[in-house]
Amino acid sequence: MTAVKIGIGIDDLKFGMDRDAVKKLIGEPTEKELFSYSEEDEDLTEVWHYDEFDFSISFDEADDWKLVMIAGSSDEQTLEGKEIVGLTFDEVVKTLAEIGFEDYEEDSLEATDKVLKFDAKSLNIWFDEGMATEIQWGPLWSDEDTPIFPV
């Protein structure tokens with residue numbers, strides 16, 4: 001199992017690492033994507049997909065191309081020792097409440113798709129047809145513009 005570390009990363013992969021450090025640690029990604037979430041030219045995000053690890057990682061131009069997000073879809077990735085991927089929505093809410101993750105927002109994306117957002121933890125849990133399919137997390141923030149990088 002692989003432990004998701006809120007605000008830190010996963011295993012030795014830590015938020016705030018640059019792309020070269022990540023390549024040295026885990027190698028070349030299976031695939032890379034470059035896009036912008038907005039109309040701004042300097043708002044680019046580069047996503048690296050690692051099929052063998054069942055996760056993707058993101059680097060943002062606005063944060064000097066530092067690692068700012070990990071999204072994992074493996075049921076071996078645990079949060080506080082608890083498996084999340086593969087659980088139902090109600091099971092996830094109950095499991096996270098047991099470990100003190102109670103302050104969340106719920107967004108419905110389509111009839112069967114939802115996301116649970118734990119803003120204070122920089123954590124999102126994605127659901128498809130009522131089942132958790134992905135854990136997405138990032139660094140904690142000192143304010144809305146300043147990530148707290150552990151490296």
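The values are calculated or read from the model by the stated rules, or taken from the named source; none is laboratory data. Just so we're clear, the structure is a prediction, and the values are computed from it rather than from any experiment. Note: ideal-geometry Cβ built from the backbone for every residue, glycine included; neighbour counts use all protein chains shown. What goes into the accessible areas is simple: the full protein's heavy atoms, side chains included, and nothing from ligands, DNA or RNA. Shrake-Rupley method; radii C 1.70, N 1.55, O 1.52, S 1.80 Å.
From the cross-link list LYS24/LYS117; LYS32/LYS114; LYS32/LYS117, which pairs have alpha carbons spaced over 28 Å apart?
Working: LYS24/LYS117 32 Å; LYS32/LYS114 26 Å; LYS32/LYS117 26 Å.
In this structure, LYS24/LYS117 lie more than 28 Å apart at Cα.
Could you tell me which of PRO29, MET131, ILE10 has its Cα farthest along the dipole of the chain towards the positive end, charges placed at Cβ (Lys, Arg +1; Asp, Glu -1), taken about the Cα centre?
Positive-most Cα among the choices belongs to ILE10.
Starting with the highest mean, order 84-93, 131-140 by the number of other Cβ atoms within 10 Å, averaged over the residues of each peptide.
Result, highest mean first: 131-140, 84-93.
On a 0 to 90° scale, report how tilted helix 89-98 is relative to the longest principal axis of the chain, with both axes built from alpha carbons and the result rounded to the nearest 10.
Around 80 degrees separate the two axes.
Simple spin-label model, 7 Å along Cα-to-Cβ: VAL47 to ALA21 in nm?
Here the answer is 2.4 nm between the modelled labels.
Only four residue types carry charge here, +1 at the Cβ of Lys and Arg and -1 at the Cβ of Asp and Glu. Report the dipole size of the chain about the Cα centre in Debye, rounded to the nearest 20. Show your work: numbers first, answer last.
Details: 12 positive and 41 negative charges, 153 e Å.
Charge dipole of the chain: 740 debye, to the nearest 20.
Once every Cα of the chain carries one equal point scatterer and solvent is ignored, give the base-10 log of I(q)/I(0) from the Debye formula at q = 0.19 Å⁻¹, two decimals.
Debye intensities relative to I(0), on a log10 scale: -1.25.
How far apart, in nm, are two points set 7 Å out from the Cα along the Cα-to-Cβ line at GLU106 and at SER38?
3.1 nm
Probe of 1.4 angstrom, ligands and nucleic acids ignored: what's the accessible area per residue over region 28-79, in square angstrom?
Accessible surface, normalised per residue, equals 55 Å².
Compute the signed sum of charges (Lys and Arg +1, Asp and Glu -1) over the other residues within less than 10 Å, Cβ to Cβ, of PRO139. It would help to have the intermediate numbers written out before the result.
Numbers: positive: LYS14, LYS66; negative: ASP63.
Combined, the nearby Lys, Arg, Asp and Glu give +1.
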